[in-house]
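Okay, structure first, notes after.
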Amino acid sequence: MDKLKQIEAFTSAVEHGSFAAAALALQVTPVMVGRRIDTLEKRLGVRLLHRSTRRLALTEEGSVYLEHCKKMLTELDLAESAISAGQHQVAGHLIVSAPASFGRQHVAPYAPSFLKQHPGLKMSFNLTDRVVDLVQEGYDMGIRIGGNIDPNFVAVKLASNKRVVCGTPEYFQKHGKPRTLDDLSKHNCLAFNLQGGQQRGWYFNHRGRMVSVRVNGSLDCNDGELLHRWMTEGLGIAWRSVWEIQSQLESGTLVTVLDDYAIPEYDIMAVYPSQSNVPAKVRVFIRHLQEMYNQPGYWSR
């Protein structure tokens, strides 16, 4: 029998003065109240109550035990209230993982304004291009761009993410622009190599189906910011997300190629472990990011 139910039966019987009154308060039968108290006494090896047809009286051991039970039940109520409040109040510690460059440009900058709205909150960020295990590593939520999402996680779309192959005008003036996928073999392709990454091939949409094209280049790395720098220095061409290079596309310092073969957009998503009651700090921060990203012209800055 559940220990908590036994303790509740005991404290309620003392408080109300009879098994019948305790049963009414607990919405069980008087027999059930008596059975739970009997089990409790047998488990403890002591008598807690003197019982007569008229009244109940605490034994010496019962009085000591009652005080401990009251403290425990009070602490339990406080714990449940605190946890329940966490579903409605934005408070506590919010730990977020995000891709390094995207997190630096489009997630962490909105933490100060969010904290100003919710002063009872503390935030921590881990900006990394490694796909972290949110549960094992103790994160409340993560930001993901494309890729497969663990079925045990909930994914909420924050924005669309268009990806393009691009390079500098100077590079294309010197080497020409690739017009077909076969032309990529003639170009220095700067690949992202994290966990195999783009070294396995670049994916394109060709005649309605996804195809992988093996590419070659003199440089590859696992850091998107470094890859971007190499490309802007005219060292080669690369896949980049429009959120990262929009201003350079608008200024003409970067131009896109092979647009007819562009793969479907990768969604920018907030993910968190699936659970019935999502903490308010997670829900409200996701909504905060959505509001930022949905501002007119945001991605054209």
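One residue alone among 250, 244 is surrounded by 15 or more Cβ atoms within 10 Å (Cβ to Cβ), assigned to a helix (DSSP H, G or I), assigned by TED's automatic domain parsing to the domain that holds residue 188 and among the charged types (D, E, K, R), and that residue is 244. In region 223-239, the condition of being of a type in the set (Val, Ile, Thr), in a helix (DSSP H, G or I) and at pLDDT 90 or above is met by at least one residue.
Considering each of 106, 93 in turn, give the residue that is at pLDDT 90 or above, closer than 30 Å to residue 139 by Cβ and surrounded by 15 or more Cβ atoms within 10 Å (Cβ to Cβ).
Working: 93 fails: surrounded by 15 or more Cβ atoms within 10 Å (Cβ to Cβ).
On inspection, the qualifying residue turns out to be 106.
Tell me yes or no: at least one residue of region 41-49 is at positive phi, loosely packed, with under 12 Cβ neighbours inside 10 Å and either modelled with pLDDT of 90 or more or among the hydroxyl-bearing types (Ser, Thr, Tyr) (or both). Yes. Beta carbons closer than 9 Å, at least 6 apart along the sequence or on distinct chains, pair a first residue in region 157-176 that is more than 19 Å from residue 262 (Cα to Cα) with a second that is in a strand (DSSP E or B) and among the charged types (D, E, K, R) for 157/267; 158/267. Look through region 243-274, keep the residues that are more than 24 Å from the chain's Cα centre (by Cα) and of a type in the set (A, V, I, L, M, F, W, C), and return whichever of them is modelled with the lowest pLDDT. Checking each candidate, the answer is 263.
Across region 288-301, the qualifying residues are those that are loosely packed, with under 13 Cβ neighbours inside 10 Å and at pLDDT 85 or above, and the one among them that is farthest from residue 162 (Cα to Cα) is 291. Residue count for region 257-278 under the criterion of being buried (at least 17 other Cβ atoms within 10 Å of the Cβ) and part of a strand (DSSP E or B): the result is 7. Search region 187-198 for residues being more than 15 Å from residue 165 (Cα to Cα) and out of contact with any helix residue (DSSP H, G or I) (no Cβ under 6 Å at 6 or more places or on another chain), and hand back the single one that is modelled with the lowest pLDDT. The extreme case among them is 196. Condition check: modelled with pLDDT under 90, under 19 Å from residue 158 (Cα atoms) and in a helix (DSSP H, G or I). Does residue 101 satisfy that? Taking the combined requirement at face value, the residue satisfies it.
The single condition from (1) in a loop (DSSP other than H, G, I, E, B); (2) over 16 Å from the mean Cα position of the chain (by Cα); (3) of a type in the set (Asp, Glu) that residue 137 fails is (2). Within region 238-257, the set of residues being closer than 14 Å to residue 297 by Cα and of a type outside the set (Val, Ile, Thr) comprises 243, 246, 247, 250.
The values are calculated or read from the model by the stated rules, or taken from the named source; none is laboratory data. Computed from a predicted model, the values in this text were never measured in an experiment. Neighbour counts are summed over all protein chains in view; Cβ atoms, including those assigned to glycine, are modelled from backbone coordinates with ideal geometry.
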